[in-house]
Structure formats: structure tokens, C-alpha cells
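Take a look at the structure below.
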Amino acid sequence: MPVTVSATLAVNEALAERRRRGLPVLPLGFGEAGLPVHPAMREALTAGGGNNAYGPVAGAAELRDAAAGYWQRRGLPTDPDLVVAGPGSKPLLYSLLLSVGG
């Protein structure tokens, strides 16, 4: 029985091919994009270092309010109760693609 290539490995191989062709790539397939952490985010993470229990499934209310505010300031009315924060870009992107039939 043949073994299929995982979706994550397939994404990584496709990105490597784009790099070989000289195309720009932002590698999000393995969850480590190499983007710098914003200083405000670093401070918030440091301040929350003592929080070691599970939080709300959809994310902290303060986080969802901040995310909704970000979009509202850009002209997209957003209800914080409809915002979901997740564990990282890959599970969120895959969930989104699955939910829209991608």
C-alpha cells in the first residue's frame, strides 16, 4: 500500500519549489514563519507567564475584544462574540479551509 505525502510536507515541498523559482515565500506550513514578536506582544506574554491553566475555548474575552477592535478601526464592524482565537496559524487556516470547502 503506498504511503501518501502529508499535507504539511506537501506544503513545504511546494514552498521549496517556489523558492527555487525565485518567487517570494512566507512559510506558514510548519507554523514557524520566523516573524519577529512585536514588543507589546512580548510584554503581554511575559506578564501572563504565571497563567498555567486552560483558558476559554474561543480565547480570552480581552483578546477577542482587541481583535474585533482591530477590524472595527479598519471599517469592518466585528462582534467580539464572533471572534475565535486559536493555537496557531496552521490549525486555524486548515479549519477555515475545511469549513469553506477548500
Checking the structure you have, find out if any residue of segment 47-64 is hydroxyl-bearing (Ser, Thr, Tyr) and at pLDDT below 90.
yes
Which residue pairs have Cβ atoms under 6 Å apart, sit 6 or more places apart or on different chains, and have a first residue in segment 68-97 that is closer than 19 Å to Val11 by Cα and a second that is among the hydrophobic types (A, V, I, L, M, F, W, C)?
Ser89/Leu28
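Go through segment 34-45 residue by residue and tally those that are open to solvent by 100 Å² or more (accessible area, probe 1.4 Å) and part of a helix (DSSP H, G or I). Walk me through it before giving the result.
Initially, segment 34-45 is screened for residues open to solvent by 100 Å² or more (accessible area, probe 1.4 Å), giving 35-36, 38, 41-43, 45.
Those still in the list that are part of a helix (DSSP H, G or I) too: 41-43, 45.
Residues flagged as open to solvent by 100 Å² or more (accessible area, probe 1.4 Å) and part of a helix (DSSP H, G or I) within segment 34-45 amount to 4.
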Mind listing whichever residues of segment 46-67 are part of a helix (DSSP H, G or I) and more than 16 Å from the chain's Cα centre (by Cα)?
Thr46, Ala47, Ala61, Glu62, Asp65
Please work out if Gly31 is surrounded by 10 or more Cβ atoms within 10 Å (Cβ to Cβ), closer than 22 Å to Val83 by Cα, more than 17 Å from the chain's Cα centre (by Cα) and at pLDDT below 90.
no
Got at least one residue in segment 87-97 being over 15 Å from the mean Cα position of the chain (by Cα) and either part of a loop (DSSP other than H, G, I, E, B) or modelled with pLDDT under 90 (or both)?
no
Ala68, sole failed condition from (1) more than 20 Å from Ser95 (Cβ to Cβ); (2) surrounded by 13 or more Cβ atoms within 10 Å (Cβ to Cβ)
(1)
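The values are calculated or read from the model by the stated rules, or taken from the named source; none is laboratory data. Just so you know, these numbers come straight off a predicted model, no measurement behind them. When we count neighbours, we look across all protein chains shown, and the Cβ atoms used for this are built from the backbone with ideal geometry, even at glycine. Please note that ligands, DNA and RNA were not included when accessible areas were found on the heavy atoms of the full protein model with its side chains. Shrake-Rupley method; radii C 1.70, N 1.55, O 1.52, S 1.80 Å.
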